[in-house]
Amino acid sequence: MTQSKAGSYTFLPDSAFVAEAKATADVIQSLAGRTRCEYELLTGASPGADTFATPLNPDARHGHNHRGPPWGSAFLHPVAWCGGKQVTNVDLQGERQVMTVVAGTATNPAVGRLMNWVIWCAPFADLPAPRIAPYRKLYLGGLGYLDSATTTDVAVRVRARDFGEDTAWVEKTWTFTSTTEQVPTAPDGNPFVLVKPGYTCIDLTVSNQTAREVRLTSIALLQVVKRSHV
Amino acid sequence: MTRKKNTTFQGISVFDVDVDQPTFGRVVEAGIGDTALIFDRATGENGETSVIDHTGSGSGCPLGLPLVNQRIGRSLNLTTPAAKDANGGTGLMIIAPYVIAMPPGEDTLVVEVFMSLEGNATVDTLGPYCRIIEQSTGDELDNRDMIAVDMGDGLTMFTTTFSGLTPGYLFVFPTIDTERVAGGSSTVAIGALEQVIIRHDLGMALNPTIGQSETTALRIGVQTPGATEGLFHRNIATAMFADEDAVDSYMLASWNQNLNALDEFITGRPAAGGPTYVHVDHDGAGSPDTVDPARSRFEAHTRSLYANEGQVALPILCESWGAWMDVGKFTVDLAEPPTLGCLEWYAPWQMPTTTTYLRSAKVIFPDFSPATGASTNLKMGVLIGSDSSAAVSNWAFRATTDTGIGDAGTPVAVTGFSNTLWFVEITNIEFTADSEDLVRVRGARSGAKTGIGELAILSWCLAFKP
């Protein structure tokens, strides 16, 4: 049986179902087509022997894959990472921090750099403005500690490099307070970067104007929303 | 009431919906029965066992997320290497060993190793290749040469693609030959290992959309779910399709509303392409979708409202900790600190035998459940290398998060590697759903070690594995 695709994804107004409304062909076509489409989107399979009624998803496969609307509610998870270790030479032979930013001054800050960080972001579909797709905007998370326990602010800047046209730097503050590993507080929010489906090259700097040494043990780019950033 | 539901999808013939065609009761019955099937498979309700777990073949599209996206930035240069195949010597070096959790439904891998080469290191001298080893059997599933791609700015990507792989824990060993790189003075210059990406071999469709845009002004026609409902779904009795019974607007409207609710539930977009959602993830207090939802009104495998919803395999984190020699030797000499070999990037070893935290990572977890107790699906695999005489099984490893701890795991030797390769799985790791967290692994040993470098941590991976 050649299953109907007619009316696939043509939604119906409520006026089509009021008492004494005409039962026109488009009503049953829409219902039949949308039933098939929902089946395909849910299962990733075509119910008939013929071709799909629904288009390919961002991975060029069929069905929802939780990559953000309309391909399903997105999962929260890390997308890319740099890993490290809290303390060297005491309990683990051969490990280092991701980045150590030595003490600096206001006129001569110490800057740690992570340049040409190439990540792969699973393909996704953009949303109509003003919505922003979940995977389009990734937030930076980190772990680290100080060489002495004094409240210390560092400026974290991140941007995406886009075929020579770099995105603007996003700069936020991370505050560390402890000589044991901690999640820094981010009084004005964590920095974020706008990425593309597939490869994105990212630059990151950490600027320290204080007399403390800041040791970062983990940096990760995180996918943090389910359906839209707006 | 006997609920109308089809056990398999029946569909509706294209001829039955043609213009001027009568609308038969059987057509409406088939459509309503199919919609009930879709609801049950999406939610696991009404005793449905064929739920969506994203393993492919009609059980939901595989998730296709990359497994490794690790920035490394370490030098592979060898300092006065000792004899070939000795600890700290030259030979075949696994530059970044990985243990990955291959999800069901996927069978391909693309391995991409980014390096900044220097000295006499070229693709011809290094001869890069990659091996895939199955954890449970120790069998080599595949072994392929890697090609070199010039990425510009001095960056070279070594890459290869695998297919026909099996789900479960796999070891991925990208390897180079350091013996053929000519040494100069006391240093064998190879270059830096910048980053590694391991992902599935998939296509890419640019900005695919479904249905109408959000600017279309149509009534949504979605019923707001009840307090304990996930999504609205009206059941229709089979008795309503008795012979010569009329098809009425109640049936058609119910069918329409069920489909609209499913559309929002499955796609995660406002129903019927409209501008606003009817569904919200909400526990009844606070702003929608900003709190850890007690009721998830989207198909997200949370089991917050539907206890039998399908559970999915989802990768969280996977890292290599340092290089390792293919013959089961350390890439550095066994001294504390080492002075020979690949001193900037070698698989590290735990020094004290008492409980010691080895590694921390910043993560964020999805809204999966259960998140606590003895049956979470969050697991960690740890790959370990050792001297062949080491008693690695005397060690125990556990994973912790800010929420809790996982079960202890004891390393088991991988078959066929002469006691130099070990694997441990840590299960039932507690976590905080829908939140940022950090994860750590720790090790401890009963009794004294047999010597320096009794074990070296090669890699860890964290994943949901139902």
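The values are calculated or read from the model by the stated rules, or taken from the named source; none is laboratory data. No experiment lies behind these values; they were computed from the predicted model shown. Note that we place each Cβ from the backbone using ideal geometry, even for glycine, and neighbour counts take in every protein chain shown. When the accessible area is computed, the model is the full protein with side chains, heavy atoms only, and any ligands, DNA or RNA have been set aside. Shrake-Rupley method; radii C 1.70, N 1.55, O 1.52, S 1.80 Å.
Structure notes:
- Of all the criteria given as (1) more than 30 Å from A:V118 (Cβ to Cβ); (2) open to solvent by 30 Å² or more (accessible area, probe 1.4 Å); (3) part of a loop (DSSP other than H, G, I, E, B), the one not satisfied by B:F15 is (3).
- Test result for B:V172, assigned to a strand (DSSP E or B), within 14 Å of chain A (Cβ to nearest Cβ), at pLDDT 95 or above and within 26 Å of the chain's Cα centre (by Cα): no
- The condition (being out of contact with any strand residue (DSSP E or B) (no Cβ under 9 Å at 6 or more places or on another chain) and of a type in the set (G, A, S)) is satisfied by just one residue among B:G89, B:G60: B:G60.
- The condition (being over 18 Å from A:W117 (Cβ atoms), charged (D, E, K, R) and either touching a residue at least 24 places away in the same chain (Cβ under 8 Å) or open to solvent by 60 Å² or more (accessible area, probe 1.4 Å) (or both)) is satisfied by just one residue among A:D147, A:D162, A:D166: A:D147.
- The numbered conditions (1) open to solvent by 40 Å² or more (accessible area, probe 1.4 Å); (2) in a strand (DSSP E or B); (3) in contact (Cβ under 8 Å) with a residue 24 or more places away in the chain are all true for B:D150 except (3).
- Any chance A:V158 is in a strand (DSSP E or B), over 16 Å from A:A220 (Cα atoms) and touching a strand residue (DSSP E or B) at 6+ places or on another chain (Cβ under 9 Å): no
- Members of the range B:78-94 that are part of a loop (DSSP other than H, G, I, E, B) and in contact with a Cys (Cβ under 9 Å, 6 or more places away or on another chain): B:P81, B:G88
- Pairing residues of the range B:415-427 that are farther than 13 Å from B:A391 by Cα and touching a residue at least 40 places away in the same chain (Cβ under 8 Å) with residues that are part of a strand (DSSP E or B) and among the aromatic types (F, W, Y), at Cβ distances under 9 Å and at least 6 apart in sequence or on separate chains, gives B:F423/B:Y169; B:F423/B:F171; B:V424/B:W395; B:V424/B:F397; B:E425/B:Y169; B:I426/B:F397.
- Residue in the range A:178-190 that is charged (D, E, K, R) and open to solvent by 10 Å² or more (accessible area, probe 1.4 Å) present: yes
- Looking at the range A:24-136, the strands (runs of 3 or more DSSP E) lying wholly inside it that each contain 1 or more residues that are at the interface with chain B (Cβ under 7 Å from one of its Cβ atoms), open to solvent by less than 20 Å² (accessible area, probe 1.4 Å) and closer than 30 Å to B:W345 by Cα sit at A:77-83, A:110-121.
- Test: residue in the range B:97-113 that is over 30 Å from B:A347 (Cβ atoms) and open to solvent by 10 Å² or more (accessible area, probe 1.4 Å): yes
- Scanning the range B:57-77 for residues that are open to solvent by 30 Å² or more (accessible area, probe 1.4 Å) and either part of a loop (DSSP other than H, G, I, E, B) or in contact with a Ser or Thr (Cβ under 8 Å, 6 or more places away or on another chain) (or both) yields B:S57, B:N77.
- Long-range neighbours under 8 Å by Cβ, at least six apart or interchain, first residue open to solvent by 30 Å² or more (accessible area, probe 1.4 Å) within the range B:123-134, second among the basic types (K, R): B:T125/B:R180; B:Y129/B:R144
- When the range B:22-53 is limited to residues that are at the interface with chain A (Cβ under 7 Å from one of its Cβ atoms) and either assigned to a strand (DSSP E or B) or open to solvent by 10 Å² or more (accessible area, probe 1.4 Å) (or both), the one that is nearest to A:H77 (Cα to Cα) turns out to be B:R41.
- In the range B:317-334, the residues that are surrounded by fewer than 21 Cβ atoms within 10 Å (Cβ to Cβ) and either at the interface with chain A (Cβ under 9 Å from one of its Cβ atoms) or among the β-branched types (V, I, T) (or both): B:V327
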